[in-house]
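Participant: So that we are looking at the same thing, I have put the structure below in structure tokens.
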Amino acid sequence: MPSTFFTASPQWRWFIVAYFFFGGLAGGSYFLATLMDLFGKGRDRRLIQLGYLIAFPLVGLCGLVLTVDLGRPERFWHMLIESETFRPMIKTYSPMSLGAWALLCFGGCALLSFVAVLAERGWLVWPLLRHLSPPAFVGRLVTVIGALLGFYVAGYTGVLLAVTNRPIWADTTLLGLTFLISAASTSAALLILLGSWGNVSADSIDALERFDASVLVLEAAAIAALIASLGRIALVVWLNGWGLLLAVMVLGGIALPLYMRWRARGPGWALRPVLILLGGLILRVVIVFSSDRIT
């Protein structure tokens, strides 16, 4: 039995699961919006704007749940600033410290892109704000930096678990990759769901659906590799209700949406992105809570 089975649990609960889920959606949505902004077509503009519009509220929600989860929420700034010297505190060896700074900087980029879209749509009458959107140089710089930070935020949570000496988390190196791919699939699903209800080009939605189908295949492969990398540990921790829930996630959150994608678009099309989103949430629930329940 590995030593991870004899360590104390960090007692992470629903607020942390919510942070992992919303952080993946925020970073993934911004990253996809930037990719479409750089390499997409004019018809994709509405979908690009949607990605920027939802990223900022989601990253704000991430900061809220992390602060509430602290035993002393009023001391949240201690993650960023030394309490005695009031100097910025960056621990390059700590994924938690780097993640806190990445979340803060990503939130700043997301805010700038958010107000740029509001100005672009005429909801904020301040012409200077339009320079925060591509193809303006400042806008291009903001979105590229924000996309890199969003990419980091979407995947670093898995790395954070991997350096925490607990069963499953520290017994594989594939959690970061799995969370990153899951963030891509759930973010695309969220954009598809919201874009289909808005004034977004059907061609843009169809292209994003094709992309999401490909990512779902990668996600299934990543989960299979994750289970294989755990070896016998997977039998110990998941040969129970948690394993059943993970199987439900793979079947209902990956296999069924893929089957629905290959079918003709019918009246129940909205169920597909909802299933993908639920699957992404269940994946994080299983990873976090199944380790925590081991005694």
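The values are calculated or read from the model by the stated rules, or taken from the named source; none is laboratory data. Here the structure is a predicted model, which is why all the values come from computation and not from measurement. When we count neighbours, we look across all protein chains shown, and the Cβ atoms used for this are built from the backbone with ideal geometry, even at glycine. We work out accessible area using only protein heavy atoms, side chains counted, and drop any ligands, DNA or RNA first. Shrake-Rupley method; radii C 1.70, N 1.55, O 1.52, S 1.80 Å.
Participant: Test of the criteria: in the stretch 192-275, which trypsin sites (Lys or Arg not before Pro) are in a DSSP loop and have at most 15 other Cβ atoms within 10 angstrom of their Cβ?
Facilitator: 263, 265
Participant: Also, quick follow-up: Rounded to the nearest 20 Debye, what is the dipole magnitude of the stretch 68-151 about its Cα centre when Lys and Arg each give +1 and Asp and Glu each give -1 at the C-beta?
Facilitator: The dipole magnitude comes to about 180 debye.
Participant: Something else: What range in the chain is the longest one free of GluC sites (Glu not before Pro) that are in a loop by DSSP and have at most 11 other Cβ atoms within 10 angstrom?
Facilitator: Value returned for the longest uninterrupted segment is 85-295.
Participant: Further question on the same structure: What accessible area per residue, rounded to a whole number of Å², is obtained for the stretch 100-206 using a probe radius of 1.4 Å?
Facilitator: Heavy-atom accessible area per residue stands at 41 Å².
Participant: Give the residue from 92, 108, 50 lying farthest towards the positive end of the charge dipole for the stretch 21-160; charges sit on Cβ (+1 for Lys and Arg, -1 for Asp and Glu) and the dipole is referred to the Cα centre.
Facilitator: Towards the positive end, the residue furthest out is 50.
Participant: Can you tell me which of 57-64, 17-24 comes out highest on packing, and rank the rest after it, using the mean Cβ neighbours within 10 Å?
Facilitator: The packing order, highest mean first, is 17-24, 57-64.
Participant: Follow-up question, since we're still on this one. Answer with a single label: of (1) 18.9, 60; (2) 20.8, 62; (3) 19.7, 63, which was calculated as Rg and Dmax of the Cα atoms in Å from the structure in view?
Facilitator: Computed from these coordinates, Rg and Dmax of the Cα atoms in Å corresponds to label (3).
Participant: Next question. Treat each spin label as a single point 7 Å out from the Cα along the C-beta direction, and report the residue 72 to residue 93 distance in nm.
Facilitator: With each label point 7 Å from Cα toward Cβ, the separation is 2.4 nm.
Participant: Restricting to DSSP loop positions (anything but H, G, I, E, B) with no more than 16 other Cβ atoms inside 10 Å of their own Cβ, which chymotrypsin sites (Phe, Trp or Tyr not before Pro) remain in the stretch 74-107?
Facilitator: 86, 93
Participant: With each run of n ≥ 4 DSSP H residues scored as -39500 (n - 2.57), what mean residue ellipticity at 222 nm is computed for the chain after dividing by its residue count and rounding to the nearest 500 deg cm²/dmol?
Facilitator: Taken over the chain, the calculation gives -23500 deg cm²/dmol.
Participant: Which order do you get for 121, 272, 130 if you rank them by accessible area with a 1.4 Å probe, largest at the top?
Facilitator: My answer, sorted largest first, is 130, 121, 272.
Participant: Could I ask something else about it? Roughly how many percent of the accessible protein surface of the chain is carbon and sulfur, given a 1.4 Å probe and a whole-percent answer?
Facilitator: 70 percent
Participant: Another question about this same structure. Skip the ligands, DNA and RNA, and give the accessible area per residue of the stretch 208-295 with a 1.4 Å probe, whole Å².
Facilitator: 49 Å²
Participant: Just flag the trypsin sites (Lys or Arg not before Pro) in the stretch 1-109 sitting in loop per DSSP whose Cβ has no more than 16 other Cβ atoms within 10 Å.
Facilitator: Loop-located and lightly packed - 13, 41, 91.
Participant: Counting only the backbone N, which residues of the stretch 60-83 are under 14 Å from the spot 7 Å out from the Cα of residue 14 toward its beta-carbon?
Facilitator: From the stretch 60-83, the list is 65, 69.
Participant: Let me ask you something else. For the stretch 157-249, with the dipole built from +1 on Lys and Arg beta-carbon atoms and -1 on Asp and Glu ones, taken about the Cα centre, which of 222, 164, 199 lies farthest toward the positive end?
Facilitator: It is 164.
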